[in-house]
Amino acid sequence: MDGLVISDAVKDLIINIINIVILFVIVKTLAYKPIKKFLDDRKAKIENQLKEANDAKAQADAAEKQYSQLIADSKAKEADIIREAEKQAKVNADAVIANAKKTADGIIEKAKAQAKQEHDAKLAAMKDDITDLAFGISSRILSREVDSKDNMRIADEFFKQHTGSAE
């Protein structure tokens, strides 16, 4: 061993390098692999949670779109129902108005007929009253009794002259 003399400093350096390599292998075996596995698992868990969150967001967006479509469809149906109800109400109102007009026309015709009857009755009554009054006056003036045949003939002639027709 004469030829190869290694100084104590070099020996210490070699021992320290060997210790560092052994320590590195021990730390890598005991600490690095479990820590790397823990970090990889955590990374996978976070990526999984992000994927689930994105899926949930996509489902929520799809549900929102579906609900928006349902609301739009409901509004369209509501507008159709309202239009149909308004149309039916107009038809019903027109029918009620037509029926009321028909009833009113019937009442007016009935009233006109009744007024004509009353007018004719009043006219006939007035004619009889005037005839009686005229015959009463004429019989007093003539001091004789005129028979009913003469009375009717005179009354008809009177009314023909003053009204233009015999009633």
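The values are calculated or read from the model by the stated rules, or taken from the named source; none is laboratory data. Computed from a prediction, not measured in an experiment: that's the story for all the values here. A quick note on method: Cβ atoms are made from the backbone with ideal geometry, for glycine too, and the neighbour counts reach across all protein chains shown.
Here are the numbers for the structure shown:
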item: Long-range neighbours under 9 Å by Cβ, at least six apart or interchain, first residue touching a residue at least 40 places away in the same chain (Cβ under 8 Å) within region 106-126, second outside any helix (DSSP H, G or I) and surrounded by 10 or more Cβ atoms within 10 Å (Cβ to Cβ); result: L123/E167; A124/E167
item: Out of K36, K11, K45, sole residue that is under 60 Å from the mean Cα position of the chain (by Cα), modelled with pLDDT of 85 or more and of a type outside the set (S, T, Y); result: K45
